[in-house]
Structure formats: C-alpha cells, structure tokens
Amino acid sequence: MLILAFRPAEARDTIAALPAGTPREHRERLELELDADAFELRPLEFGALDEATRADGALSSAERAARLAYHAALAAVARGGDGLAELAVARAAINPLPPDLLRRVWLGRLRFAVLAVVLEVWILVAILVALSTASGTVLY
C-alpha cells in the first residue's frame with residue numbers, strides 16, 4: 001500500500017522490517033523489494049528472487065514455473081522485448097489447469113457473457129422506447 005501511495009522510502013523501511021525466517025517469507029520479501037524497485041524505475045535484479053523461488057518448498061511445481069517465467073518475462077520487457085516467449089515456456093508446466101481454477105475461470109466468463117446480454121437487451125429496449133415516444137405517438 002505504501003508503494004501505491006507514492007511513499008517508497010516508508011515502503012522500503014516496512015519491507016526491511018518484515019520477517020524472512022522461512023523460505024516463503026524470504027521470497028515474499030524479495031518480491032516486495034522488486035515491486036518497490038519497479039515503482040521507482042530502478043534496474044530489476046532477479047537472481048536472488050529466482051533462487052528464493054526455487055528454494056520455497058511451499059510452492060507447487062506449476063506455481064514455481066509460472067513465477068520463474070514471470071520474472072524472465074519482466075526481465076525481457078526491461079530489455080525492450082515483449083516477454084511472451086518467456087511466458088509461453090511456462091505454459092506447458094502449468095497445463096492442464098486444476099479443476100477448481102478451471103471452473104472459476106469459466107464461471108467468470110459465463111457471468112461476463114450473461115451481463116453483456118442483459119445490458120444489450122436493456123439498451124435495445126431503451127432505444128425502442130425512445131423511438132416509439134419520439135414521434136409523439138405511443139406504439140404500444
């Protein structure tokens with residue numbers, strides 16, 4: 001929150017005060033430091049973060065591959081590339097998606113489609129009402 005509030009000095013002090021006793025805490029702390037570096041437009045260094053990601057035993061192999069690919073994509077973007085090739089490498093490790101995540105993705109898409117249809121019908125009805133009452137004669 002401090003990073004997004006344009007208070008990077010306080011954010012760095014807070015990040016430095018976070019515990020780093022477990023591999024997960026160490027990785028999360030390095031991720032926050034990377035966020036602060038990106039916000040301040042500093043050069044991004046991924047070496048320590050990649051090592052912490054590999055050392056974090058709490059991550060699944062798919063999540064580990066996705067995070068490492070994300071770091072590689074960020075590095076490619078920082079060099080002027082697009083990062084898509086780096087993300088595509090992780091796609092094979094992530095596929096197939098877990099059933100719970102797949103269900104949430106499809107439910108989100110379904111909600112969006114239903115909302116779009118409802119809004120289109122509402123707009124169509126509003127246009128028809130406007131056209132029918134614009135001439136002074138109500139057609140229904």
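The values are calculated or read from the model by the stated rules, or taken from the named source; none is laboratory data. These figures come from a predicted structure and were not determined experimentally. Cβ atoms come from the backbone with ideal geometry, glycine included; neighbour counts cover every protein chain shown. Ligands, DNA and RNA are stripped out before the accessible areas are found, and what is left, the full protein with its side chains, is counted by its heavy atoms. Shrake-Rupley method; radii C 1.70, N 1.55, O 1.52, S 1.80 Å.
Ordering Ile15, Ile123 by accessible surface, largest first, gives Ile123, Ile15; the 1.4 Å probe counts only protein heavy atoms, with every chain in place. Using C-alpha pairs under 8 Å with a sequence gap of at least 6, the mean separation divided by the residue count of segment 56-140 gives a relative contact order of 20 percent. Highest mobility in the GNM of the chain, judged by mean-square fluctuation with C-alpha springs under 10 Å and restricted to Asp100, Asp56, Asp35, is found for Asp100. Taking 1.002 mPa s as the viscosity and 20 °C as the temperature, the Stokes-Einstein diffusion coefficient of the chain based on its alpha-carbon Kirkwood radius rounds to 111 µm²/s. Screening the chain for whole DSSP H helices with an alpha carbon extent of at least 30 angstrom along the helix axis and a mean Kyte-Doolittle hydropathy of at least -1.0 yields 99-134. The share of alpha-carbon pairs in segment 69-140 lying farther apart than 16 Å comes to 71%.
Dipole magnitude for segment 1-128: computed about the Cα centre from +1 point charges on Lys and Arg Cβ and -1 point charges on Asp and Glu Cβ, it is near 500 debye.
Based on Cα atoms of segment 50-107, Rg over Rh with Rh as the Kirkwood radius reads 1.04.
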